[in-house]
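Colleague: What follows is a single structure, and I will ask about it in a moment.
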Amino acid sequence: VAAADPYTAKLLELYLKIYNDASSPAQTADRLGIHRSDYMLHRQSEHEPYVIKQVELNTIAASFAGLSCQVASMHRYLVQRFDVSDFLLEKQQAVSGGNETPKKDAAGVPVNPTLDRLPFAINVAFQRYQSRHDVSKACVLFVVQQGESNTVDQRLLEFKLFEEHKIPVVRLSLREIYEAVQLDETTGKLTISDTEIAVVYFRAGYAPTDYPDGDSGVE
């Protein structure tokens, strides 16, 4: 792909420069992967049982952790409100191939814990950074797109981080980061004003238009 696409080639070049250099601070930095795996029900015909098929795996800028919890809550409400639990339990058994005993708990709709798990994971990375660097004032940086439209989902994570772990969040686009964030070339430490950035959470950076120079590539 790099041979045919200058944008991908530049990203790969930066990756090799940052992570293959033995003297780079990135060699010892923690990396937290937030991945979203998407599934849908599928069957070949109406006479065959449903099976679960993976349709997508997001490994960068994985979104909807906050909103997916609300969707699960909505489904639980609708199932209980309109009493379709027997229908759901039947489908649950069909998906499992009849090998599992359906659970009537919560009317067959599982709880989605992502709005608790993701802030918990970010907090683990945050605490590891603080313990290694003896930092008293630190924050988490959300890298967002310029003119971000998916703010609701991101804000839910931001609010939960502070509510549960007292961790402040700063939201900046890559253009704003270039202007506002300072980099210590020796240690790799990132700071904004007098606050160290303990964790960088990418919700942007996967498209050429996310970068300050736009479609021309990554600088």
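The values are calculated or read from the model by the stated rules, or taken from the named source; none is laboratory data. Since the model is a prediction, treat every value here as computed from it, not as a measurement. All Cβ positions, glycine included, derive from the backbone under ideal geometry; neighbour counts span all protein chains shown. Ligands, DNA and RNA are stripped out before the accessible areas are found, and what is left, the full protein with its side chains, is counted by its heavy atoms. Shrake-Rupley method; radii C 1.70, N 1.55, O 1.52, S 1.80 Å.
Colleague: Given the -39500 (n - 2.57) contribution per DSSP H run of 4+ residues, what per-residue ellipticity at 222 nm results for the chain, rounded to the nearest 500 deg cm²/dmol?
Modeller: The helix-only estimate for the chain comes to -12500 deg cm²/dmol at 222 nm.
Colleague: Another question, then. Beyond 27 Å between alpha-carbons counts as too far, so tell me which of Lys17/Lys137; Lys160/Lys189; Lys17/Lys166; Lys166/Lys189 fall in that bin.
Modeller: Correct reply: Lys17/Lys137; Lys17/Lys166.
Colleague: Pick from Thr187, Thr114, Thr209: which residue has the top mean-square fluctuation in a GNM of the chain where Cα pairs under 10 Å get a spring?
Modeller: It is Thr187.
Colleague: So, one more: Specify the residue with the greatest mean-square fluctuation among Ala72, Ala29, Ala62, computed from a Gaussian network of the chain linking alpha-carbon atoms under 10 Å apart.
Modeller: Ala29
Colleague: Give me the percent of accessible area attributable to carbon and sulfur for the chain, probe 1.4 angstrom.
Modeller: Details: 7690 of 14420 Å².
Carbon and sulfur together cover 53 percent of it.
Colleague: Extending each Cα 7 Å along its Cβ direction at Glu163 and Gln130, get the distance between those two points in nm, one decimal.
Modeller: Roughly 2.0 nm, to one decimal.
Colleague: Can you tell me the accessible area per residue over the chain, all protein chains present, probe 1.4 angstrom, in square angstrom?
Modeller: 66
Colleague: GNM, the chain, Cα, under 10 Å: largest mean-square fluctuation among Ser193, Ser73, Ser63?
Modeller: Judging by the Gaussian network model, the answer is Ser193.
Colleague: Now for a different question. Can you tell me how much longer the chain between Tyr7 and Ala180 gets when fully stretched, taken as 0.36 nm per residue apart minus their C-alpha distance, in nm with one decimal?
Modeller: Extending this stretch completely gives an extra 59.8 nm.
Colleague: Using the Kirkwood radius built from alpha carbon pairs, what does the Stokes-Einstein equation give as D for the chain at 37 °C and 0.692 mPa s, in µm² per second?
Modeller: In µm²/s, the coefficient is 160.
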